[in-house]
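K.L.:
Just dropping this structure here.
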Amino acid sequence: MRPSILVTLAAAGIATGSAASAQDTTFVAIGTGGVTGVYYPAGGAICRLVNQGRSEHGIRCGVESTGGSIFNLNALRDGELEMGIVQTDWQFHAYNGTSDFEGDAFEDLRAVFSLHPEPFTVVARADADIASFDDLQDKRVNVGNPGSGQRATMEVVMEAMGWTMDDFSVVSELQAGEQAQALCDNNIDAMVYTVGHPSGAIEEATTTCDTVIVPVDNEAVLELVEDRDYYRVATIPGGMYRGTDEDVQTFGVGASFVTSAAVEEETVYQVTRAVMENLDDFRELHPALANLVAEEMISDGISAPLHDGARRYYEEAGMLE
């Protein structure tokens, strides 16, 4: 059974009445993440544009709040979702059968386009004496819920550091939407989140209590970036959040919009078309999407093959030869 859809039809741009009958309608569910992250509003933005043209193409799009990247990839494989937003590193691992997908490659995974950059972000209480990533040892840390990209990426960094969960005094597995309150309630010292900025969860934490955003730029992390094409050095701009006035160096990935080869070509074509032909509107639907460039969206962070429906649109639009 699918997880419940946590966005109203109206919020996703679905009218209460439709000229198309239920038999003529194709239903598309987009798996996102926690409601305070960027995946959820980004998925809603995609659905809003798709649903605007429903009378023409008959596609009804809905957004599902999920556990995140790993959950979305597994749900796509199982046919429980039609599309999903996932970190670019986990797109790579799922398609190639590496890391958490070792020996279990998702060969039918297909890319549609890439989205916003996602820096790996560590937010700590100002009174926790955490000035660098190394200082997380012996602290109370929320590592993220199982099934999330945030948790999986944290485990990659921990392995590079030679750490286990025993290196923390307390390990929490809270979902993205729960961690800011836990931080400000002094139940944890730090939270980690791979997320686009500005992020509602980060804003909640930094405005509710005194916090700092911690650099993640030690030698182990720089080696990760050097060794893996899907990682890159990233900067969280100073002044974006209360308590952090200077730029903060870290590393990051990107968000990507993916589907399965089992989803019909025409469906993916129409979803791709809805976004690309309304890209100016799409950029305005969330600040993290503001700097998207069409040509970069079909190449950056794309490791799975393009879905035939997406490729068809890009070729017709002259974006691919």
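Rule-based calculations on the coordinates, nothing more; no lab input. Given the structure is predicted, the values throughout are model-derived calculations rather than measurements. A quick note on method: Cβ atoms are made from the backbone with ideal geometry, for glycine too, and the neighbour counts reach across all protein chains shown.
K.L.:
Pick from ARG242, ARG48, ARG110 the residue whose mean-square fluctuation is largest in a GNM of the chain, springs joining Cα atoms under 10 Å.
P.N.:
Comparing ARG242, ARG48, ARG110 in a Gaussian network model of the chain, the most mobile one is ARG242.
K.L.:
Suppose the chain between ASN187 and ASP210 were pulled fully straight at 0.36 nm per residue; how much longer would it get relative to their current alpha carbon spacing?
P.N.:
6.9 nm
K.L.:
At 7 Å along Cα-to-Cβ for each site, give me the label-to-label distance between ALA220 and SER55 in nm.
P.N.:
Simple spin-label model gives 5.8 nm for this pair.
K.L.:
Quick one: plug the Kirkwood hydrodynamic radius of region 198-318 (C-alpha pairs) into Stokes-Einstein at 10 °C, 1.306 mPa s, and report D in µm²/s.
P.N.:
Value of D from the Cα-based Kirkwood radius: 93 µm²/s.
K.L.:
Sorted by average packing, counted as other Cβ atoms within 10 angstrom per residue and highest first, what order do 232-238, 195-201 take? All intermediate terms of the calculation are to be shown ahead of the outcome.
P.N.:
Numbers: 232-238: 16.1, 195-201: 22.4.
Averaged packing, sorted descending, gives the order 195-201, 232-238.
K.L.:
More than 31 Å apart: what percent of Cα pairs in the chain qualify? Kindly include the intermediate steps, with their values, before the conclusion.
P.N.:
On the way: 14823 of 51360 pairs.
Percentage above 31 Å: 29.
K.L.:
Given charges of +1 on the Cβ of Lys and Arg and -1 on the Cβ of Asp and Glu, with all other atoms neutral, how large is the dipole of region 48-159 about its Cα centre, in debye to the nearest 20? List each step's numbers first, then the result.
P.N.:
On the way: 9 positive and 19 negative charges, 123 e Å.
About 580 debye.
K.L.:
Under 10 Å, Cα contacts only: if you run a Gaussian network model on the chain, which one of ALA182, ALA124, ALA111 comes out with the highest mean-square fluctuation?
P.N.:
Of ALA182, ALA124, ALA111, the Gaussian network model singles out ALA182 as fluctuating most.
K.L.:
A follow-up question, please. Suppose every Lys and Arg Cβ carries +1 and every Asp and Glu Cβ carries -1, with no other charges. What dipole size does region 118-253 come out with about its Cα centre, to the nearest 20 debye?
P.N.:
400
K.L.:
Work out the length of the dipole vector of the chain about its Cα centre, built from +1 on the beta-carbon of each Lys and Arg and -1 on the beta-carbon of each Asp and Glu, and round it to the nearest 20 debye.
P.N.:
Using Cβ point charges on Lys, Arg, Asp and Glu, the chain gives about 1140 debye.
K.L.:
Considering only DSSP beta bridges where both residues belong to the chain, give the percentage that are antiparallel (nearest 5).
P.N.:
Around 65 percent antiparallel, to the nearest 5.
K.L.:
Please work out the C-alpha center-to-center distance from region 203-282 to region 89-105 and express it in whole Å.
P.N.:
Computed from Cα coordinates, the inter-centre distance equals 20 Å.
K.L.:
Output needed: Cys residues of the chain lacking any neighbouring Cys C-beta below 4.7 Å, sorted by number.
P.N.:
That list is empty.
K.L.:
For GLU107 and GLU265, calculate 0.36 nm times their separation in residues minus their Cα-Cα distance, and state this gained length in nm to one decimal. Mind showing how you got there, number by number?
P.N.:
Details: separation 158, 0.36 × 158 = 56.88 nm, distance 1.69 nm.
Value of the extension gain: 55.2 nm.
K.L.:
First measure r as the distance between the Cβ atoms of ARG242 and MET165, then evaluate 1/(1 + (r/R0)^6) with R0 = 30 Å and state the FRET efficiency to the nearest 0.05. Mind dumping the intermediate values first?
P.N.:
Details: r = 30 Å, r/R0 = 1.01.
Working from the Cβ atoms, E equals 0.50.
K.L.:
For region 118-253, how big is the tail of P(r) above 25 Å, as a whole percent of Cα pairs?
P.N.:
I get 16 percent for the Cα pairs in region 118-253 exceeding 25 Å.
K.L.:
Find the relative contact order for the chain and round it to a whole percent, using C-alpha pairs within less than 8 Å whose residues are 6+ positions apart.
P.N.:
Relative contact order here is 23 percent.
K.L.:
Filter the chymotrypsin sites (Phe, Trp or Tyr not before Pro) in region 265-321 to those in DSSP coil with at most 13 other Cβ atoms within 10 Å of their Cβ, and list the result.
P.N.:
Values: sites: TYR269, PHE282, TYR313, TYR314; in loops: none.
Passing sites in region 265-321 do not exist.
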